[in-house]
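One structure is given here, and the rest of the page talks about it.
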């Protein structure tokens, strides 16, 4: 596993278009599992477009990072985080393209998120996930996340779980 994590230049159209393509590819599996389409769930990340991604970046506290292959420089993973009040770092998106999953890249991105949280004085990492996506829930659980609350959104065929973990847990080997 040889890769490099770099900030994404959100002012560059090519970088943003590459981000849109990667996010759509990463989240398509989840959309297919739950029968989500652009028509019945246009806000799902599998159906993100350039305008929606640009809207996410309107907050000054949002940062994006790409995970790139060391050889070839192709983006294979994505991390989008937001720094919130009360020392919280929210993971908005963390994904790896399907062809590169199960190789440790997601864990690498999560460790980088924890590093960013620590250097920005955050105490907790939070995220929201589809709780009914068993593989994702287990992956998060094994990395120290715990469900703090749930929400059933009427138009979604799954329950949304709000998960969190203490950033310090990462240093103790729970990452």
Specify which of the listed residues (13, 93) is out of contact with any strand residue (DSSP E or B) (no Cβ under 9 Å at 6 or more places or on another chain) and either in contact (Cβ under 8 Å) with a residue 24 or more places away in the chain or farther than 17 Å from residue 107 by Cα (or both).
13
With within 25 Å of residue 131 (Cα to Cα) and surrounded by 12 or more Cβ atoms within 10 Å (Cβ to Cβ) as the only criterion, which of 28, 50 stands out?
28
Determine if the range 160-168 includes at least one residue that is assigned to a helix (DSSP H, G or I), modelled with pLDDT under 95, surrounded by 17 or more Cβ atoms within 10 Å (Cβ to Cβ) and on the phi < 0 side of the Ramachandran plot.
yes
Check 57, 34 and return the single one that is in contact (Cβ under 8 Å) with a residue 40 or more places away in the chain, farther than 25 Å from residue 119 by Cβ and surrounded by fewer than 19 Cβ atoms within 10 Å (Cβ to Cβ).
34
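To keep it simple, each residue is scored yes or no on (1) over 20 Å from residue 19 (Cα atoms); (2) in contact (Cβ under 8 Å) with a residue 24 or more places away in the chain; (3) in contact with a helix residue (DSSP H, G or I) (Cβ under 9 Å, 6 or more places away or on another chain).
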{"residue": "103", "(1), (2), (3)": "yes, yes, no"}
{"residue": "106", "(1), (2), (3)": "no, yes, yes"}
{"residue": "109", "(1), (2), (3)": "no, yes, no"}
{"residue": "118", "(1), (2), (3)": "yes, yes, yes"}
{"residue": "130", "(1), (2), (3)": "yes, yes, yes"}
{"residue": "136", "(1), (2), (3)": "yes, yes, yes"}
{"residue": "143", "(1), (2), (3)": "yes, yes, yes"}
{"residue": "147", "(1), (2), (3)": "yes, no, yes"}
{"residue": "150", "(1), (2), (3)": "yes, no, no"}
Go through the range 1-16 and give me each residue that's part of a loop (DSSP other than H, G, I, E, B), within 14 Å of residue 73 (Cα to Cα) and touching a helix residue (DSSP H, G or I) at 6+ places or on another chain (Cβ under 8 Å).
1, 8
Of the residues 18, 71, only one is in contact with a strand residue (DSSP E or B) (Cβ under 7 Å, 6 or more places away or on another chain), over 24 Å from residue 131 (Cα atoms) and surrounded by fewer than 17 Cβ atoms within 10 Å (Cβ to Cβ); which?
18
Single residue of the range 115-155 satisfying the filter (part of a helix (DSSP H, G or I) and in contact with a strand residue (DSSP E or B) (Cβ under 6 Å, 6 or more places away or on another chain)) that is surrounded by the most Cβ atoms within 10 Å (Cβ to Cβ)
117
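The values are calculated or read from the model by the stated rules, or taken from the named source; none is laboratory data. Owing to the predicted nature of the structure, the values given are computational and were not obtained by experimental measurement. Don't worry about glycine lacking a Cβ; one is built from the backbone with ideal geometry, like all the others, and counts go over all protein chains shown.
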